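S.K.: Sharing a structure here in structure tokens format.
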Amino acid sequence: MTVIKRDFLDTTDLSQAEFHALLDLAAKLKRGETTAESALRGKVLAMVFMDPSLRTRTSFEVAMFRHGGHAVVLEPGRGSWTLETELGAVMDGASVEHIVDAARVLGRYADAVAVRAFPKGKLWEVEREDAVMRSFARHCEKPLINLESTRRHPCQGLADAMTLREKLGQPQGRRFVLSWSWHPKPLPTAVPASAALAAAHLGMEVVLAHPPGFELDPDDLAAIAGVSKAAGGSLRIEHNGREALDGADVVYVKSWGALGHFGQPEAEAKLRAAYRDWSMNSERLRHVGSGQGLVMHCLPVRRNIELSDAILDGPKSVVVDQAENRLHVQRALLLTLLGQSEGMGVQR
Amino acid sequence: MTVIKRDFLDTTDLSQAEFHALLDLAAKLKRGETTAESALRGKVLAMVFMDPSLRTRTSFEVAMFRHGGHAVVLEPGRGSWTLETELGAVMDGASVEHIVDAARVLGRYADAVAVRAFPKGKLWEVEREDAVMRSFARHCEKPLINLESTRRHPCQGLADAMTLREKLGQPQGRRFVLSWSWHPKPLPTAVPASAALAAAHLGMEVVLAHPPGFELDPDDLAAIAGVSKAAGGSLRIEHNGREALDGADVVYVKSWGALGHFGQPEAEAKLRAAYRDWSMNSERLRHVGSGQGLVMHCLPVRRNIELSDAILDGPKSVVVDQAENRLHVQRALLLTLLGQSEGMGVQR
Amino acid sequence: MTVIKRDFLDTTDLSQAEFHALLDLAAKLKRGETTAESALRGKVLAMVFMDPSLRTRTSFEVAMFRHGGHAVVLEPGRGSWTLETELGAVMDGASVEHIVDAARVLGRYADAVAVRAFPKGKLWEVEREDAVMRSFARHCEKPLINLESTRRHPCQGLADAMTLREKLGQPQGRRFVLSWSWHPKPLPTAVPASAALAAAHLGMEVVLAHPPGFELDPDDLAAIAGVSKAAGGSLRIEHNGREALDGADVVYVKSWGALGHFGQPEAEAKLRAAYRDWSMNSERLRHVGSGQGLVMHCLPVRRNIELSDAILDGPKSVVVDQAENRLHVQRALLLTLLGQSEGMGVQR
């Protein structure tokens, strides 16, 4: 009798039925219809943060606590050992511990392990393999949760989907515009890919609006298109940022760097500089769904760069609800992966 | 039916009756007369430390745990995002997240939020407004607790007051000398202002002993005088550090920088250097209440600079009791703000 | 009625009977024969990490949680104040708080305190006194647990002993070779001394295999010899690393620096460089117990430097079990020091 462990590295690890069941449970938890106070009693989640966090760390720590469990937070390179990520490395440099050993050991102490590892910005062809997350998953004997890797931020995707369902009622067929924004730094593509996937799971009309040169990775586009098709939605790309906003039910503002210049900061900054006017201000907002659309952002947000104060603090912004929903979808996820709960339909 | 949230930013947020009721509860908790083991069951306190801590962090984390709750500890700039504190800022610099968004989001995850933010040492006219703490309070929908701001350290004030009641029985009318000390750095005035306020709440004869040029902020002096008057005590300033000690029932040793030279380190250090003999050693201690007085300090203390080893480790020192009492007053505070307890008289 | 507090600074703080009783309890906890879910209910462990940790921190935090308690984690110099360790210091430098005060205060907040403090690499004659750990123990009124000091890592020693009993059944008289390895840095001797002591407690034939110049401190050798004799085992030193492996039941690979050149990095590195071939690879492993022996390491390990990937990931390696056993021996230790449990025979 082999137990197959269940990782959560991408929303596409879930079937459409599982995806919706998880959001249903999250909504019940948010409304207080179920508390499941002791469902994670005695359970431990070990969280490994290679990069900073506010929402992710707090919401997971609270989620474990709310159900009787506990989250341990480790920060390699700060309070914990610097981790080597290359397989087969001859470790005579600065790294003190290999990720393989960390993964195995944490799998012995905890009931689930969660990892955040941003891209290092050297070579896209290498980093797009998401080796840190994959290594951890392979060598850890307990379920692994992706807290944002080079390619995906699936917990953000779940929270985005929950927010869309909450605000739109029936998102199927509604227009979701992922609107690229200028930003002082070339940010990763994990959030835009995951947000677009979230809208695709809901069968929305997904529009990716960004300047030429800011295409997502082809595999991400294929994944979004595939999920979209299965869920009865659509996907298209727009290079005119202003026109893309017309008729949008939702505009999700997000910046990311040009993958074609990944690891070449000067060239990338030069390309990006040409699109400094891609920013969401009140003038541009008037185009969004003829003034009726919602504004989303994953946070943290550069105020008055990506989005103006007026929009963020105004009535169309649902960014704080998105952040709150991180807590509820993660409670649902943890109950599904670790809880002694009645069938969630996500066993394999 | 609107619930008005209750912040704790200053001991003056409490009426005299509330102040004493809170200390009464703290004393009962310390004696074990009430355990209230489950009074904070399921409750979460999110703590944001912009600056280091030992006592504050540990005592709050223990306080939440002892009553069934949990404290999440965040450190912006280390494991968490660097926070922008200026309202309306165009965020194209180093700060990744605005304090407004952090406050809103944490208010969704936690039942109360607590913040430590020391002054930055640039411009007193600006920093005296305590903008970080005020912003957090304004934008967070849950009760905010001040873990030491530019102007106040009210939890230290509560612990100081509890210690005074514990050691003196009836502090009313007894003489409390806040005795300035030389220190290698210009420290903030939050602790001296809060300690003097604590003694004022108890109706003590408060003496501020410091060299000329080290006056507290005029608003702080007015606040201390106001509380003092209401509680039947008195306030006076002494510039002769040795004479001030004669007849003291309690000497609270504390260093702080000259506000007149705030943001001008060289000028401030030069002024401070003239008072290197303001230090508490055995010779000087003989003057304290003719050798009968108690010695207090908030910790951390520079040994053999502010206070000699002989005094700190001797029978008159109550500094460890002060530190322990942080735990008990904060348990009382948290039970009052968050507990399902019987009326503490602090609802608004 | 005086309660004598019980510290755990070295495995030699335990009698042979206590040592084995603790391992018996750890084995029962690992097998789930006892859960003691609420044995540490309401109890707090304050952990002070002056140096990084993955296993120690996680396993202690999980251990407290699994029995209803809570661990607070402090990091002086990061989120907490920089600690002064010298007694009598005139604190006009960078350190903000004295270890004496930190120890006293934490003793008021917590039911036990645990400290990690690695050597600073200046002067062995001074640092061998283990002053940080001794100061903490003297000034803290609650039990102190050594999380690795300059001289000892007794929790690692307990886990090593548990692993040896688990894998060998009856370790008495079996051959345990502590095999020095080259490493890019001069590591401390706490782990090798503690591992050799662990094998000595079990009455094993202990062989210390290292190049000339890498002798452990004479007091450590005397301690190992003393425990060995009491437990019916033996101790000998070998300078031929390859021959030492013949007939070994267990080889414990570990690097450490030459104490004769402590604080002299160039001279030490030069001496160490001559022994770069002291490394455990497949060729050398064939000598270990004629290919039957077990391979141990405390982790973190420099892969392909101290031990090859092939060995670490192969069937003879028990390094992950060693790490897991940290959790179980520490649960047993905490229950013994803090629990309301039935007599463990370790009261004083």
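S.K.: List the pairs whose first member sits in segment A:206-220 and is assigned by TED's automatic domain parsing to the domain that holds A:Val288, whose second member is among the aromatic types (Phe, Trp, Tyr) and in a loop (DSSP other than H, G, I, E, B), and whose Cβ atoms are under 7 Å apart, counting only residues at least 6 apart or on separate chains?
M.R.: These pairs meet every condition: A:Pro211/A:Tyr275; A:Pro211/A:Trp278; A:Phe214/A:Trp256.
S.K.: Of the residues that make up segment C:208-220, is at least one among the charged types (D, E, K, R) and touching a Phe, Trp or Tyr at 6+ places or on another chain (Cβ under 9 Å)?
M.R.: Of segment C:208-220, the ones among the charged types (D, E, K, R) are C:215, C:217, C:219-220.
If we keep only those that are touching a Phe, Trp or Tyr at 6+ places or on another chain (Cβ under 9 Å) too, we end up with C:217.
Yes: segment C:208-220 contains one or more residues that are among the charged types (D, E, K, R) and touching a Phe, Trp or Tyr at 6+ places or on another chain (Cβ under 9 Å).
S.K.: Out of B:Arg108, B:Arg128, B:Arg134, report the one residue that is touching a helix residue (DSSP H, G or I) at 6+ places or on another chain (Cβ under 6 Å) and not small (Gly, Ala, Ser).
M.R.: Answer to the selection: B:Arg108.
S.K.: Now for a separate question. Which residue out of C:Pro300, C:Pro315 is part of a loop (DSSP other than H, G, I, E, B), within 11 Å of another protein chain (Cβ to nearest Cβ) and of a type outside the set (Val, Ile, Thr)? Give the steps one after another, and end with the answer.
M.R.: On the way: C:Pro315 fails: within 11 Å of another protein chain (Cβ to nearest Cβ).
Exactly one of C:Pro300, C:Pro315 is part of a loop (DSSP other than H, G, I, E, B), within 11 Å of another protein chain (Cβ to nearest Cβ) and of a type outside the set (Val, Ile, Thr), namely C:Pro300.
S.K.: Being over 30 Å from B:Phe118 (Cα atoms), surrounded by fewer than 20 Cβ atoms within 10 Å (Cβ to Cβ), more than 9 Å from chain B (Cβ to nearest Cβ) and without any contact (Cβ under 8 Å) to a residue 60 or more places away in the chain: is that true of C:Lys5 here?
M.R.: No, not satisfied.
S.K.: Please enumerate the residues belonging to segment B:62-77 that are closer than 17 Å to B:Gly339 by Cβ, within 14 Å of chain A (Cβ to nearest Cβ) and buried (at least 17 other Cβ atoms within 10 Å of the Cβ).
M.R.: B:Met64, B:Phe65, B:His67, B:Gly69, B:His70, B:Ala71 - these are the residues of segment B:62-77 that are closer than 17 Å to B:Gly339 by Cβ, within 14 Å of chain A (Cβ to nearest Cβ) and buried (at least 17 other Cβ atoms within 10 Å of the Cβ).
S.K.: Here's a follow-up. Would you check which residues across segment B:28-55 are more than 11 Å from chain A (Cβ to nearest Cβ) and touching a helix residue (DSSP H, G or I) at 6+ places or on another chain (Cβ under 7 Å) and list them?
M.R.: B:Leu29, B:Lys30, B:Thr34, B:Ala36, B:Ala39, B:Leu40, B:Phe49, B:Leu54, B:Arg55
S.K.: All but one of (1) in contact with a strand residue (DSSP E or B) (Cβ under 8 Å, 6 or more places away or on another chain); (2) outside any strand (DSSP E or B) hold for B:Arg236, so report the exception by its number.
M.R.: The single condition B:Arg236 does not satisfy is (2).
S.K.: Name the single residue that is surrounded by the most Cβ atoms within 10 Å (Cβ to Cβ) among those in segment A:78-91 being within 7 Å of chain C (Cβ to nearest Cβ) and not basic (Lys, Arg).
M.R.: Among those residues, the one meeting the criterion is A:Ser80.
S.K.: Within segment B:21-41, which residues are assigned to a loop (DSSP other than H, G, I, E, B) and surrounded by fewer than 16 Cβ atoms within 10 Å (Cβ to Cβ)?
M.R.: B:Gly32, B:Glu33, B:Thr34, B:Thr35, B:Glu37, B:Ser38, B:Arg41
S.K.: Can you name the residue in segment C:60-78 that is in contact with a Ser or Thr (Cβ under 7 Å, 6 or more places away or on another chain) and assigned to a strand (DSSP E or B) and is also nearest to C:Glu97 (Cα to Cα) among such residues?
M.R.: Taking the candidates together, the pick is C:Pro76.
S.K.: Hey, could you check segment A:131-162 for residues that are buried (at least 24 other Cβ atoms within 10 Å of the Cβ) and of a type in the set (S, T, N, Q) and say which is nearest to the chain's Cα centre (by Cα)?
M.R.: For segment A:131-162, the residue satisfying everything is A:Gln156.
S.K.: Can I ask one more? Could you tell me which residue of segment B:92-101 is farthest from A:Thr56 (Cα to Cα), considering only residues that are crowded, with 22+ Cβ neighbours inside 10 Å and facing chain A (nearest Cβ under 7 Å)?
M.R.: B:His98
S.K.: Separate question: Looking only at segment B:265-288, count how many residues are part of a helix (DSSP H, G or I), over 25 Å from the mean Cα position of the chain (by Cα) and closer than 16 Å to B:Ser179 by Cα.
M.R.: 3
S.K.: May I pose another question? With the requirement that a residue be farther than 11 Å from A:Asp220 by Cβ and without any contact (Cβ under 8 Å) to a residue 60 or more places away in the chain, what does segment A:172-199 give you?
M.R.: If the condition is that a residue be farther than 11 Å from A:Asp220 by Cβ and without any contact (Cβ under 8 Å) to a residue 60 or more places away in the chain, then A:Ala199 is the only one that fits.
S.K.: Among the listed residues B:Leu106, B:Leu144, which satisfies the condition of being aliphatic (A, V, I, L, M) and more than 9 Å from chain A (Cβ to nearest Cβ)?
M.R.: Going through B:Leu106, B:Leu144 in turn, the sole match is B:Leu144.
S.K.: Have a look at A:Val90, A:Val96 and point out the one that is among the β-branched types (Val, Ile, Thr) and out of contact with any Ser or Thr (no Cβ under 9 Å at 6 or more places or on another chain).
M.R.: Of A:Val90, A:Val96, the one residue that is among the β-branched types (Val, Ile, Thr) and out of contact with any Ser or Thr (no Cβ under 9 Å at 6 or more places or on another chain) is A:Val90.
S.K.: Does B:Arg57 fit the bill of being within 19 Å of the chain's Cα centre (by Cα), under 25 Å from A:Arg57 (Cα atoms), outside the structural domain of B:Ala193 (by TED's automatic domain parsing) and in a helix (DSSP H, G or I)?
M.R.: yes
S.K.: Of all residues in segment B:120-153, count the ones that are without any contact (Cβ under 8 Å) to a residue 60 or more places away in the chain, touching a strand residue (DSSP E or B) at 6+ places or on another chain (Cβ under 8 Å) and hydroxyl-bearing (Ser, Thr, Tyr).
M.R.: The number of residues fulfilling the criteria is 0.
S.K.: Out of everything in segment C:248-291 that is aliphatic (A, V, I, L, M) and closer than 21 Å to C:Glu127 by Cα, what residue ends up being surrounded by the fewest Cβ atoms within 10 Å (Cβ to Cβ)?
M.R.: C:Ala267
S.K.: While we're here: Here is a check on your reading of the model: is B:Ser290 modelled with pLDDT under 95 and not assigned by TED's automatic domain parsing to the domain that holds B:His70?
M.R.: In short, yes.
The values are calculated or read from the model by the stated rules, or taken from the named source; none is laboratory data. Note that the structure is predicted; figures quoted are calculated from it, not measured. Positions of Cβ are generated from backbone atoms using ideal geometry, with glycine treated the same way; all protein chains shown enter the neighbour counts.
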